[in-house]
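Coordinate-derived values only; no laboratory data. Model, not experiment: these values are computed from the prediction. Reconstructed Cβ throughout: ideal geometry from the backbone, glycine too, with neighbour counts over all protein chains shown.
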Amino acid sequence: MSIAGNVGLRDLPRICPLISRRVQSSADTTETRVVQVGPVRFGETRPVVIAGPCAVESREQTLQVARAVKAAGAEMLRGGAFKPRTSPHDFQGLGVEGLKILWEAGRETGLPIVTEVMDPRLVQIVGKYADMLQIGSRNMQNYPLLVEAGRSGKPVLLKRGMAASLCEWLGAAEYVAKEGNLEIVLCERGIKAFPAGEYSRNVLDLNVIPAVKEETFLPVIVDPSHATGVASMIEGASCAAIQYGSHGLIIEVACDDEGTAPPKCDAAQAINPATLKRIVRFVDAQTESKAMRKAHAF
Ligand code: PEP
Ligand code: MN
């Protein structure tokens, strides 16, 4: 007897043939497929560090964080203009005004930007300002949104649903791919499993990194900020993710200069620019030793 909807890894070639490593075997799918966002390349030896505020709150705050992120050596800027909040009474983001601020911060620093889109009707406008569209955890199975993001032709950062299996996550990526868009980067951001909530916000599922690499040729990065929800855990989680083979990190950062107000969203998980700098240095060191090991084959 089989249970309807009970799918496993063996079903992946049928669920997502376009992104399945087991089905596709052309030259650019034998290794990781490189996804390019401006000058930034996901899927190569050097992991990509994306950093920025949880939300775009104001022009001053965003420019300040963007400059700090650039100075710390990150390669891309993040920031939410449309925020998915648990309470409708909480700050929802600045919307299109926020997109314009982010665009300006990206222009000034030279960092490509990634920002979340929640509504299929807003894919066009978000795509006008952003270099990469983020589909958040809560919308991983918003199929009309995935289709629109696929049609936009823009690179897509597809976060894992907080309770999604690997099959469901890759099935969601297939919706984007089916529209002819293979510019997809997957992002593990923690799942709701015991003991989430007790001492961390979610459970960081590092084991999914090698599993993703086994099943698909798409690059996969890790969001240690939402996975842990605790600022003091971010550096360790970032380093562990890199050592586990992550193609990058997306990290929430807030400036802690005197007189700077704490962020309106996710303040407990915001790291300061000095911590970000240490993480970037770790990424650099790991990249160097990996390249060396490759060159000398040890
Ligand atoms: C975010 O990155 O801003 C965010 C809301 O993340 P997630 O969708 O993973 O919760
Ligand atoms: Mn956040």
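Report, in order of residue number, the helices in the chain meeting two criteria: a C-alpha extent of 30 Å or more along the helix axis, and a mean Kyte-Doolittle hydropathy of at least -1.0; treat each whole DSSP H run as one helix. Membrane-span-like by this rule: 273-296.
Our summary of shape: the Cα atoms of segment 205-248 have principal axis extents of 32, 17, 15 Å, ordered from largest down, in whole angstrom. Under 28 Å of direct C-alpha separation, and excluding same-chain neighbours fewer than eight residues apart, residue 100 reaches these lysines: 70, 83, 128, 154, 159, 264, 277. The shape of segment 1-147 comes out oblate: with a ≥ b ≥ c from the C-alpha gyration tensor, a/c is at least 1.5 while a/b does not beat b/c. Taking a straight Cα-Cα cut-off under 16 Å and skipping sequence neighbours fewer than 8 places away in the same chain, the aspartates and glutamates within cross-link reach of residue 294 are 31, 44, 284.
Size estimate for the chain follows the Kirkwood approach: the inverse of mean 1/r over distinct Cα pairs works out to 19.2 Å.
Mind checking segment 172-267 for GluC sites (Glu not before Pro) that DSSP puts in a loop (not H, G, I, E or B) and that have at most 12 other Cβ atoms within 10 Å? Passing sites in segment 172-267 are 198, 258.
What's the magnitude of the charge dipole for the chain around its Cα centre, counting Lys and Arg as +1 and Asp and Glu as -1 at the beta-carbon? Answer in Debye, nearest 20. Spell out each step's value before the answer.
Details: 34 positive and 33 negative charges, 104 e Å.
Result for the chain is approximately 500 debye, rounded to the nearest 20.
Over segment 93-194, what number does the Rg to Rh ratio reach, with both radii from the alpha-carbon atoms and Rh per Kirkwood? Numbers along the way, then the final one.
Numbers: Rg = 13.6 Å, Rh = 13.8 Å.
Here the Rg-to-Rh quotient is 0.98.
Let's see if you can work this out: charge +1 on each Lys and Arg Cβ, -1 on each Asp and Glu Cβ, no other charges. What is the dipole magnitude of segment 215-298 about its Cα centre, in debye to the nearest 20?
Details: 7 positive and 10 negative charges, 87 e Å.
With only Lys, Arg, Asp and Glu charged at Cβ, the dipole is about 420 debye.
The calculated Kirkwood hydrodynamic radius for segment 117-257 is 15.3 Å, given to one decimal from all distinct C-alpha pairs.
With contacts taken as Cα pairs under 8 Å at a separation of at least 6 residues, the chain carries a relative contact order of 20 percent.
Please state the relative contact order of segment 79-215 as a whole percent: Cα pairs under 8 Å, 6+ residues apart?
Numbers: 228 pairs, mean separation 22.1, N = 137.
Rounded, it is 16 percent for segment 79-215.
Compare the Cα positions of 95, 52, 81 along the charge dipole of segment 35-99 (+1 at Cβ of Lys, Arg; -1 at Cβ of Asp, Glu; about the Cα centre) and return the one farthest towards the positive end. Checked the options; the winner is 52. Other residues lying with their Cβ under 9 Å from the Cβ of residue 208 contribute a combined charge of -1, Lys and Arg counting +1, Asp and Glu -1. Placing +1 on the Cβ of every Lys and Arg and -1 on the Cβ of every Asp and Glu, with no other charges, gives segment 11-94 a dipole of roughly 60 debye about its Cα centre.
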